Amino acid sequence: MTQRVAADEALRVILLGPPGAGKGTQARRVADVYGIPHIATGDIFRSHVRNGTELGQKAEEYMSAGELVPDEVVIAMVRDRLQEEDAATGFVLDGFPRTVPQAQALEGILADLGQPLDCVLRFSIDEEEVVRRITGRRACQDCGRNYHVDFDPPPQGDTCSCGGKAVQRKDDTEDVVRNRLDVYHRQTEPLEFFYWQRGLLRDVDAVGSVEDVTKRALGVLAEYVAPSEARP
Ligand code: ADP
Ligand code: AMP
């Protein structure tokens, strides 16, 4: 596998893994270390739902059933987002792509922008742990930060460090989670082969403390691009 190791390059990475694997938690940390945007399609949809936009209305029924929003809707949204100025310095994609057509579309978008992907981190974790993580998840309604009632509770009751309210997502109930996992196996897991074939897939053991998983993820990413504070 060829790897790019250069201190002054942008990092472009996808986090792949089942819902609840810790992608959002780790994406925020990686984005902070590298000074690049964390682009989470689920967060973008939830903000549209909260604001009652047309896109939010379209996405909501799929989201509450744990189904995927149609490819063309998601792809158009990501195309626009990747053209924003901050994404020119790199990005952490979280929750996209989730289907082979989305991954193919992403290849086209990045080719048009002249921005090659560095790698895809696959978060490995077993299903029961994922269910435990998701059913205890609380997400801040304002900044989107994720907490866990047992492993990482909000600093004060249900109040996020930003002052927003941390609540349970409607799609984080056990039956919707089981459906989301089923959708993941059928529609998203084929992406592992897709990216393996392209020499981009890297494994990260997602079991252990948040800190330990961050160390593993950053260890892999440093093989591609040095974090911003370590750049000359
Ligand atoms: P994803 O974005 O993959 O759906 P999240 O990052 O939202 O997953 O994590 C799911 C839940 O698990 C959240 O409640 C989060 O606080 C918790 N969590 C994340 N990483 C860990 C970890 N290493 N150990 C324990 N809980 C974790
Ligand atoms: P997440 O926050 O990543 O768990 O996503 C929450 C929900 O948003 C998913 O269950 C889907 O309904 C929808 N969603 C997010 N990203 C995508 C995507 N790439 N393709 C289709 N639907 C998505």
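The values are calculated or read from the model by the stated rules, or taken from the named source; none is laboratory data. This structure is a prediction, so every number in the text was calculated from the model and none was measured. Please note: Cβ atoms are built from the backbone with ideal geometry, for glycine as well, and neighbour counts cover all protein chains shown. Protein only, heavy atoms only, side chains kept; ligands, DNA and RNA dropped before computing areas. Shrake-Rupley method; radii C 1.70, N 1.55, O 1.52, S 1.80 Å.
Based on this model, can you work out whether ARG81 counts as part of a helix (DSSP H, G or I), in contact with a strand residue (DSSP E or B) (Cβ under 6 Å, 6 or more places away or on another chain) and either surrounded by 14 or more Cβ atoms within 10 Å (Cβ to Cβ) or of a type outside the set (A, V, I, L, M) (or both)? So ARG81 passes the test.
Take the conditions (1) away from ligand 1 (no atom under 16 Å from the Cβ); (2) under 22 Å from VAL204 (Cα atoms); (3) under 17 Å from the mean Cα position of the chain (by Cα); ARG137 misses just one of them, which is (1). Note on the range 133-146: residues that are open to solvent by less than 30 Å² (accessible area, probe 1.4 Å) and touching an Asp or Glu at 6+ places or on another chain (Cβ under 9 Å) amount to 4.
Of the residues making up the range 93-125, those that are under 20 Å from LYS215 (Cα atoms) and not polar (S, T, N, Q) are LEU93, ASP94, ASP118, CYS119, VAL120, LEU121, ARG122, PHE123, ILE125. Taken together, the criteria place ASP71 among residues that are out of contact with any Lys or Arg (no Cβ under 7 Å at 6 or more places or on another chain), open to solvent by less than 70 Å² (accessible area, probe 1.4 Å), modelled with pLDDT of 95 or more and among the acidic types (Asp, Glu). Residues in the range 41-55 that are closer than 15 Å to GLN141 by Cα, in contact with a helix residue (DSSP H, G or I) (Cβ under 9 Å, 6 or more places away or on another chain) and either open to solvent by 40 Å² or more (accessible area, probe 1.4 Å) or not aromatic (Phe, Trp, Tyr) (or both): GLY42, ASP43, ILE44, ARG46, SER47, HIS48, VAL49, ARG50. Checking each residue in the range 18-58 for being at positive phi, more than 10 Å from ligand 2 (Cβ to nearest atom), at pLDDT 95 or above and in contact with a strand residue (DSSP E or B) (Cβ under 9 Å, 6 or more places away or on another chain) picks out only GLY22. Among the residues making up the range 166-214, a single one is modelled with pLDDT under 95 and away from ligand 1 (no atom under 15 Å from the Cβ): ASP175. On the basis of being crowded, with 22+ Cβ neighbours inside 10 Å and of a type outside the set (Gly, Ala, Ser), does PRO37 make the cut? No; evaluated as a whole, the condition is false for this residue. Listed by position, the helices (runs of 4 or more DSSP H) enclosed by the range 148-232 that each have at least 2 residues that are within 15 Å of ligand 2 (Cβ to nearest atom) and either out of contact with any helix residue (DSSP H, G or I) (no Cβ under 6 Å at 6 or more places or on another chain) or polar (S, T, N, Q) (or both) are 174-183. Within the range 137-147, being assigned to a loop (DSSP other than H, G, I, E, B) and more than 10 Å from ligand 2 (Cβ to nearest atom) holds for GLN141, ASP142, CYS143, ARG145. Kindly provide the set of residues from the range 84-107 that are under 23 Å from VAL225 (Cα atoms) and either among the small types (Gly, Ala, Ser) or open to solvent by 60 Å² or more (accessible area, probe 1.4 Å) (or both), ordered by number. The answer is GLU84, GLU85, ASP86, ALA87, ALA88, THR89, GLY90, GLY95, ALA103, GLU107.
Only residues that are closer than 21 Å to PHE194 by Cα, among the small types (Gly, Ala, Ser) and away from ligand 2 (no atom under 14 Å from the Cβ) were counted in the range 76-115, giving 3.
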